[in-house]
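Report on the structure given below.
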Amino acid sequence: EYGAGGIVGTAAANANGYDGSTQIAAVADTGIGGGTAATAHTDIPPARVVNIYNWPGAAGGCFQTVTNDGAIDVDSGHGTHTAASVLSDRGASGEGKGGAPAARLVFQATENWVTTTSLCQVLGGYPPNGYFLTGLPSDLRNLYQQAYNAGARIH
């Protein structure tokens, strides 16, 4: 079995009729596809996207500047992959079925382009610039509460 069904063992749950159709799942990660429900990924129908939130974060500490790129998954595709692992409804060839292929999605994008301070480059080993999860709040309860308020009961 391809995708989450084989890797994390959800194929058995799916085979027994559990498909997530009554659930809203939340994912906080880099970004999702083109940043909108229509451009998230072909295996995540736009009608199943409850909301996409952008958490840009702010400059401070090691981050000299933060460039808010919205909810787009610009750098690695990790957020798109993670969201699809949760609720992809499969590709045309049947590959990539998510663990909850009928669930709905709340996505929270947290990655942005930053330049780092020279001190953090020297002492912390940070690159001079790159993509970081700048949007993760210091109190994660704020992130979880937003998802909960949007109906998600699993994150």
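The H on the amide N of Thr116, modeled in the peptide plane, is under 5 Å from the matching H of Gln64, Asn129, each at least 5 residues off or on a different chain. Karplus-based coupling profile of region 133-148, in residue order and whole Hz: 7, 5, x, 5, x, 5, 10, 5, 4, 5, 5, 5, 5, 4, 5, 4, with θ = phi - 60° in 6.51 cos²θ - 1.76 cosθ + 1.60 and x standing for Gly or Pro. For the chain, the share of accessible area belonging to carbon and sulfur comes to 56 percent (1.4 Å probe, ligands and nucleic acids excluded). Of all beta bridges that DSSP places with both ends in the chain, some 50 percent have antiparallel geometry.
Over all other residues within a Cβ to Cβ distance under 9 Å of Thr30, the charged ones net out to -4, with Lys and Arg as +1 and Asp and Glu as -1. Between Ala38 and Thr22, the distance separating the two model label sites (each 7 Å from Cα on the Cα→Cβ line) works out to 3.4 nm. Region 94-155 and region 1-79 have Cα centres spaced 10 Å apart. The label point for His78 and the one for Ala47, both projected 7 Å from the Cα toward the Cβ, are 3.3 nm apart. Between Ser138 and Leu123, the modelled labels are 1.7 nm apart [label points 7 Å from Cα along Cα→Cβ].
The values are calculated or read from the model by the stated rules, or taken from the named source; none is laboratory data. Just so it is clear, the structure is predicted and the values come from calculations on it, not from any experiment. FYI the Cβ positions are ideal-geometry reconstructions off the backbone, even for glycines, and counts take in every protein chain you see. Only protein heavy atoms, including side chains, enter the accessible area calculation; ligands, DNA and RNA are left aside. Shrake-Rupley method; radii C 1.70, N 1.55, O 1.52, S 1.80 Å.
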